[in-house]
Amino acid sequence: MTLISLNTAAQLMGVSKRTLWRRIATGSLPASRSADSQGRTQLSLDDIAGDVGLPLDGGLVAAIQHADAGQARDQLELALIYLEAGQTDKALSWLQLASNQGDTEAMLILGETQLQAQGTDYQAGLNWIRRAAIAGHPMALAVMEALSGQLGVRGPTA
């Protein structure tokens, strides 16, 4: 049985932690009797498998476990899997986690995804791409240069 934190379960399912707590309180979702090393409530991945929105093969389960442990590369991997599956909302939350840890690839993809997604903050997307560029990500630098031309941003005039 693979146990994951309540926070990770909420992200995988695309629901709030409050929703999961209600399900636990009503008995429709069992929680593990033991917390993890960080004191987080744990749920069985098997109990939420139908709500994850992806087939849980061995590689995905390993990525989920590593993402749950806070590994930015695996958080980015989960985001890419969700993007490929057309589940942008779930992807955005994983991209945010990896970006907050300084993963420049995640920053770039988060910014691009925010620029393309309806109902998201355009300026926030630009800011993430800018942060990736400042950190030296070569593609982010190229994107910022291309965007500056499209937006009519001019350099200093002589």
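The values are calculated or read from the model by the stated rules, or taken from the named source; none is laboratory data. Just so you know, these numbers come straight off a predicted model, no measurement behind them. Virtual Cβ from ideal backbone geometry, glycine too; neighbours counted across all protein chains shown. Ligands, DNA and RNA are stripped out before the accessible areas are found, and what is left, the full protein with its side chains, is counted by its heavy atoms. Shrake-Rupley method; radii C 1.70, N 1.55, O 1.52, S 1.80 Å.
Out of every Cα-Cα pair in segment 69-114, what percent are more than 15 Å apart?
Percent of Cα pairs beyond 15 Å in segment 69-114: 26.
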| Once exposed loop trypsin sites (Lys or Arg not before Pro) are cut out (DSSP; at most 11 other Cβ, 10 Å), longest piece of the chain | 34-153
| request: Give the Cα extents of segment 49-134 along the principal axes, in whole Å, largest first. | output: 36, 25, 14
| said: I want the local charge near Glu84. Using Cβ-Cβ distances under 12 Å, sum +1 for each Lys or Arg and -1 for each Asp or Glu among the other residues. | reply: 0
| Dipole in debye (nearest 20) - segment 6-52, about Cα centre, beta carbon charges: Lys, Arg +1; Asp, Glu -1 | 260 debye
| message | I'd like to know which of Ala10, Ile48, Thr26 lies farthest towards the positive end of the charge dipole of the chain, counting +1 on Cβ of Lys and Arg and -1 on Cβ of Asp and Glu. | response | Thr26
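Report, in debye and to the nearest 20, how large the dipole of segment 42-120 comes out about its Cα centre when Lys and Arg carry +1 and Asp and Glu carry -1 on their Cβ. Present the calculation step by step, with values, prior to reporting the outcome.
Details: 2 positive and 12 negative charges, 40 e Å.
Computed charge dipole of segment 42-120: roughly 200 debye.
Starting from the eigenvalues of the Cα gyration tensor, five times each then square-rooted, give me the equivalent ellipsoid semi-axes of the chain, largest first, whole Å.
36, 15, 13
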| query | Just by accessible area at a 1.4 angstrom probe, what is the order of Asp121, Asp103 from largest to smallest? | reply | Asp121, Asp103
| request: Using amide H atoms built 1.01 Å from N in the peptide plane, name the residues 5+ places from Thr41, or on other chains, whose amide H lies under 5 Å from its own. | output: Leu6
| query | Farthest toward the dipole's positive end in segment 59-158, which of Leu78, Gln123, Leu97, given Cβ charges of +1 (Lys, Arg) and -1 (Asp, Glu) about the Cα centre? | reply | Gln123
| What is the dipole size for the chain, taken about its Cα centre, with +1 at each Lys and Arg Cβ and -1 at each Asp and Glu Cβ, in debye to the nearest 20? | 560 debye
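Determine the shape class of segment 97-150: with a ≥ b ≥ c the square roots of the Cα gyration tensor eigenvalues, call it rounded for a/c under 1.5, and otherwise prolate if a/b is greater than b/c, oblate otherwise.
Oblate, since a/c reaches 1.5 and b/c is not below a/b.
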| said: From the protein chains alone at 1.4 Å, what is the descending order of accessible area for Tyr82, Tyr122, largest first? | reply: Tyr122, Tyr82
| remark: Honestly segment 1-63 on the Cα gyration tensor test (a ≥ b ≥ c root eigenvalues; a/c under 1.5 rounded, otherwise a/b vs b/c for prolate or oblate) is just oblate
